[in-house]
Every structure is written in structure tokens, then in C-alpha cells.
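The values are calculated or read from the model by the stated rules, or taken from the named source; none is laboratory data. Quick caveat: nothing in here was measured; it's all calculated off a predicted structure. As a convention, Cβ positions derive from the backbone with ideal geometry for all residues, glycine included, and neighbour counts pool all protein chains shown.
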Amino acid sequence: MFFYCSEKRLARLASQLIAVIVLAVFRPLAGHVSCCAQDPSYSVNPPNSLPTVPDAQYSAPVGTENGFGPIPVPQEQGMLHNLQPITLAEPITLAEPITLAEPITLAEPITLADPITLAEPWWSTPSLAPLRPETESLPINLDILFALTAVYSGRVQAVAQSPWVSQAQLEQARAAFNPTLFSSNRFDSTSDPVGNTLITGGPPRLEDKIVGLDSGLRVQNQRGTNYQIGQRLGHKNSNSQFFFPQDQGTARLYGNLTKPLMRGREIDINRSLVLTAQFETEAAKAQYQDALQKQLFQVADTYWSLYTERASLLQRRQHLARAGEIASLLYAREGYDSSNSQVLRARATVANRTAELAQADARIRNLESRLRALINAPELTNNRNAEFLPLQTPSILPIEFEIESEVGTALQRRPELAELARKLQSADVRLRLARNQTKPTLDLVGEGYVAGLQGQSSIPGAFVDQFSEGRPGFAGGLVYERPVGNKAATAAVRQRQFEIAQLSHLIAEANENVRAEVETAIRNVQATKQAAIGRQISIEAANAEVNALKDRWQTLGNDPRLGQLQLNDLLSSQDRLLQEEQNLLEALVQYNRSILEVQRSTGVLVQFVK
């Protein structure tokens, strides 16, 4: 912003500002030079002439044995005590403000002509090598871990029993329509008083001895009709004078049926238990698929966390090596021109970065233990000290996702949606059964038989006579029944209707949640891909900054004040480089996690082959 002033006043103000700037800049330097001139031991080497010791080696600073003991800190020399405050002759007054004629507009954003391809990070290859050479190494990748999880995981195996439980229930429901064989044997010896001589012909008690065998077959079909066919064979003796012939052999072949005409006559109603069990079996399979998918996703997430910690450990080792190089150089030049403050600063930095390495190693071992617990495979648990070597490294894949297509796939394959759909079908079957139970019972019953009888205990003869003597007997009728008010059946219908409404709302919510998860996963893939590209550019800039500050520190390192400032800037730039490397690592890993999340959210991570 500019202001109007007179020419004389403008000239006077300009001269005063120049005087202030000159005094503020050159008087501290003049005092510093004068102080240094009074100290004959102080000398300033020209640029690029710092002495070096070629064979100096760095070792971790422990105690005072290696030369990094307590170093006396020089007393600061006052260099600004001779400065006098400057006062302006006249205060500056502002005139009318100047307004811009035209607003400033930004140019169009720069677009890259060609897509940026990510170079392989330097830690990709070293991460495949063992970090603990003294222990056994166990190579792993996601394919191996997924296969072991499906076979050995305790949680997966527990959930895997659910479909078998439901399958057993389905077989029990189907068994209701299986034929049933029956047989009963009975011996009766009776002795009853009589009050009428016409019953026995004289004896005061009626004494009978009866042996009977009843065998047959019962069956209910899917239309609700009950059938029964049987054969009775028997032998009877009595003390009645009217019982003729003695030692009777009897035979009776009979059949009966009961057919529902109202309640229970539809085929689906009679198969309701079968249909319900079938839907529950399919729902249990969906639950198993969902549990397996979640377990595999958790294993994959732990795998990528393990890779991240291993790569981070390599980054921190490199980070420590950078500080160690600086500390070695300062220690070797300590008798020449290294200041005590720089030596102490480097020593503290090395100690801090060394402590971070111990924490990283503990995190790696913790994640290895977590993988063993999730998978529970003998190949992993037999040697609990083995080091896991992740063979699959994160990378940017040339794939693109179309949201609507992936959402359509998810709505067809997500196991929780399949589970809810099966529950809704099961609830619909129960509703139809409840509505059928509101009808009255009206059954058609019928029975027919043939019978034969022979004396002299001739049971085979009686069996033949039942087909050759006499005619068949038969009976028929209707059975009607209806509860007064029928309140129980009506309440059951309302209950099933509420259950269906509840499931319908849950399905609508689940559909929206699935869509949101798919959309979020696809956007995360795109975002993490762009983030990884940006992080690579940031690493290149951070590397250039570290190299530039290192060159400047090597040039100005023998200056007591500027050298300390340059060292601080150099160490800070190394911290920023480490942070950028970790950001790129996290972006690459998160990209691969996002790809896995897309597979999980669309339901294609686990598929069963029929």
C-alpha cells in the first residue's frame, strides 16, 4: 500500500530509514569483529578450507570414555552492549491511501502434462532382508497368510461350524416327511366279573387271553395329508361258553388318512420348517463368509502394519547414520575448530535417535505376535522367535474403479446383505404360516380294512381269509375345530408383520451403508494415490534441502555462531526428511489398504466356489 508525501519529507524519511538499517546491521558485526580481534586465539578460515581428519570413526556416545564427556561451555560475550537506542526526529504520518486500479488475479493452475510414476523407494529392497540375522527368518505374504487363516484361525473355525449346525437343523426339518415304521406287541390276560350270564354262559368271571402284533407304516406328505397302513395279527382264548371257535387266530389289514381342507393344506405351509431351516443355513453361510472376510482383512491390516514398522526401522537407522556422520566429523575436529555446543548437540541427537530404534524393534515384535494370534497356524507358532519377512511390498497399481459398477457388485455379493435377505425370506415364510394358523381346522378322515379269522390258532389261515372272505369295511367323516376369538393366531400374524417391517428397514439401511463404504473406499484409493505422488515430490525437495544445508554447514561450521545455527538447521532438515519418508511409506501402505478395502466393501475378497 502506498501513500502520498511531499518530496522533502519523503527524502528525509528515506535517509532516516537507511540510517536505521545501517546501524542495525553493521554495528553488531563491528562489535563482534572487535571482540574477535582482541582474542588472538580466534581465527576465521576462508570458505571451503575446513580441516578434516580422514580416518575418524564415529562410535555411540556412552559416558565419557569416547571423548564426549562434559565440555566447558564458553561464556557468551556481549556484543550489543554499545548499541544506543535510535529515535526518529519526527513521527511518520500517513497520507491518503492509494487504491489499486485493477484487482490482482491469479494465473491458471499448472497441470502436469504426463502422469507422475512413482520410483521405488530406497527402503523397498532392504526391507526384504532380515533385520535380526541372529534369528530364523520366515518369509510371508498375503496369499500365504490368507490360506493359513482360512485353515487354522480359531475364530474362523468357530464360525465355520454355524453352517453345519444349520445344515443339521435342515435335515431334521426334512425328516418330518420321511416314512415311519411302527410295530407294537401286546399280551393281555383279563379276569373281569360279569353281571350277566349271557356274557359267559355261566362262569361268574370272564377270562380272556389275547396276544397281539400290530405293525405298519405312517407318512405325512408335503401337502399335509397323513397316511397310515398296518397289519394286525393276534391269538385269543376265552372261558365264555359263547366263544367259538376256541384258539382263534385273527388278522386285520387296515389303512386310514387325514387330509386338511383349510388349516395346513398349502404345500409351503407344511414345508415351513424346511424352508426356514434352509434360509437359516444360507444365512449362516453368509455369516461365515462375513467373519472370514473380516478376519482376513484384519490379518492383511496387521501385515501392512508390520511392513510399515520394518520400513520405518530402516528409515530410522538411516536417520541415525546421518546424525552419526555429523557426530563423527565433529568429534574428529574437536581439537581443531569444533565448538563444544555443536558436539553436545550432535551427541544428544544421536542418543535420541538411538532410543527411537529400540521402540521400533519392540513394535515389530508385537505385530509378529499379533499375526500369530490371528492366524494360529503351527507354521507360525512352532517358532515364536522367528522373524517374519514380508515379501509383498506396497506399490501403485494401474487400476481404476467405477463407483456405480462397484456398488452394483457390492449389493449382490456383500454377505451381510445376503444374510438379511435370507432372514427376510424366513420371516415371510413364518408370516404365511401364521396367517394359515388363523383358519379353522377342517380335516377329511377316512378308514378302510379287511379282516380274517380261523380256529385252532391258525393265524396264517386268518391272514389268507382277510383277502378271500367277506368284504372290506370302511368309514369316513369330517373334523372341524376353531378356537373362540382366535386371538393367539391373530397376534402371531401381527408379530410376523412387525418382524418383516423391521428387517425391511435394516435392509434399506444396510444398502446405504454398503454404498457409502464402497464410495469411501474408492475415493480413498484415489486420494492415497495422489498423496503418494505428492509425498515423493516432497522427499525429493527434502533431500535437496538436506544436501544444501550440509554443504552450508561444512562451509560455515567453524564459525562459533553461524556454525551452530547451520548445524541446528541441518539436523532439523534431517528430521523433516525422515518425516517425509514416513509420510510416503504411510501413503503407499494406505493405498494398498484402500485397494483391500474396496475388495472387502464390494464382497469379492472372499467367494465360495459351488
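Results, tabulated for the structure shown:
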{"quantity": "Residue that is surrounded by the fewest Cβ atoms within 10 Å (Cβ to Cβ), among those in segment 371-396 that are under 19 Å from residue 586 (Cβ atoms) and either among the acidic types (Asp, Glu) or out of contact with any strand residue (DSSP E or B) (no Cβ under 9 Å at 6 or more places or on another chain) (or both)", "calculated": "395"}
{"quantity": "Set 597, 586, 581: member being within 30 Å of residue 163 (Cα to Cα), at pLDDT 90 or above and acidic (Asp, Glu)", "calculated": "597"}
{"quantity": "Residue that is surrounded by the most Cβ atoms within 10 Å (Cβ to Cβ), among those in segment 319-355 that are free of Cβ contacts under 8 Å to residues at least 24 places away in the same chain and part of a helix (DSSP H, G or I)", "calculated": "330"}
{"quantity": "Selection count, segment 433-490, where residues are of a type in the set (Gly, Ala, Ser), closer than 30 Å to residue 266 by Cβ and either in contact with a strand residue (DSSP E or B) (Cβ under 8 Å, 6 or more places away or on another chain) or in a helix (DSSP H, G or I) (or both)", "calculated": "8"}
{"quantity": "Qualifying residue in segment 393-411 (condition: over 28 Å from residue 599 (Cβ atoms), out of contact with any helix residue (DSSP H, G or I) (no Cβ under 6 Å at 6 or more places or on another chain) and either basic (Lys, Arg) or in a helix (DSSP H, G or I) (or both))", "calculated": "no"}
{"quantity": "Verdict on residue 279 being outside any strand (DSSP E or B), aromatic (Phe, Trp, Tyr) and crowded, with 16+ Cβ neighbours inside 10 Å", "calculated": "yes"}
{"quantity": "Enumeration of residues in segment 169-184 that are surrounded by 10 or more Cβ atoms within 10 Å (Cβ to Cβ), in contact with a Ser or Thr (Cβ under 9 Å, 6 or more places away or on another chain) and not hydroxyl-bearing (Ser, Thr, Tyr)", "calculated": "169, 170, 173, 182"}
{"quantity": "Among residues of segment 362-394, those that are charged (D, E, K, R), in contact (Cβ under 8 Å) with a residue 60 or more places away in the chain and under 17 Å from residue 135 (Cα atoms), counted", "calculated": "3"}
